[in-house]
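One structure is given here, and the rest of the page talks about it.
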Amino acid sequence: MNTVSDLTVAGRDNQGSTLLEIASLLSDGAPNEGFSLTELNTKASAELKRFGSDLQGQLGLIGVTVPPALQLRGDNVGALHVIGEHVLKSEIEVFLNANTRILKWYKEVEVMHEILRSTQLGEGQSLENQVFNLGLTSLGCVAFFSML
């Protein structure tokens, strides 16, 4: 039995729980069921917008306003880091890394964008040495990849 396709008992917390939705897209359900990159792209865009709005509100609780813009990047142990200079850089990092909901949601947004990015790469290219970044600007949230 494929546990990925058995989603009937899985719960949802409505706070960025999109990994179950991705799993359902990738499940081995009906023979005519397909993986839609358009659906994933739409979901990734919507989730990025929701995350950015929530993140900006959460950061407001500790006095962080945008502008100035923030650039966030996760590391290989699940922590978030502010890239570049910001007056409240250490306070932002402590706050974000203590918030498991934000960390989980960030990771879900990252995974969706990594899947999309991998479909954009040419033959022989890989995500190796590319890292996901999230920018929080006054116009909203942006996702992008940079080279290590």
(message) Please count how many residues of the stretch 118-141 are free of Cβ contacts under 8 Å to residues at least 12 places away in the same chain and either closer than 18 Å to L40 by Cβ or in a strand (DSSP E or B) (or both).
(response) 3
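Let's see how each residue does on (1) modelled with pLDDT of 60 or more; (2) touching a helix residue (DSSP H, G or I) at 6+ places or on another chain (Cβ under 9 Å):
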{"site": "L19", "(1), (2)": "no, yes"}
{"site": "L48", "(1), (2)": "yes, yes"}
{"site": "D54", "(1), (2)": "yes, yes"}
{"site": "P67", "(1), (2)": "yes, no"}
{"site": "G74", "(1), (2)": "yes, yes"}
(message) For the stretch 76-115, which positions are touching a Lys or Arg at 6+ places or on another chain (Cβ under 9 Å) and at pLDDT below 95?
(response) G78, M112
(message) For the structure I just gave you, tell me whether S118 is within 23 Å of I62 (Cα to Cα), at pLDDT below 95, surrounded by fewer than 16 Cβ atoms within 10 Å (Cβ to Cβ) and not charged (D, E, K, R).
(response) no
(message) Name the residue that is surrounded by the most Cβ atoms within 10 Å (Cβ to Cβ), counting only residues in the stretch 70-101 that are in contact with a strand residue (DSSP E or B) (Cβ under 8 Å, 6 or more places away or on another chain) and under 20 Å from E47 (Cβ atoms).
(response) L70
(request) Give the residues of the stretch 87-117 that are of a type in the set (A, V, I, L, M, F, W, C) and outside any helix (DSSP H, G or I), sorted by residue number. (result) V87, L88, A98
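The values are calculated or read from the model by the stated rules, or taken from the named source; none is laboratory data. What you see is a predicted model, and the numbers here were worked out from it, not measured in a lab. As a convention, Cβ positions derive from the backbone with ideal geometry for all residues, glycine included, and neighbour counts pool all protein chains shown.
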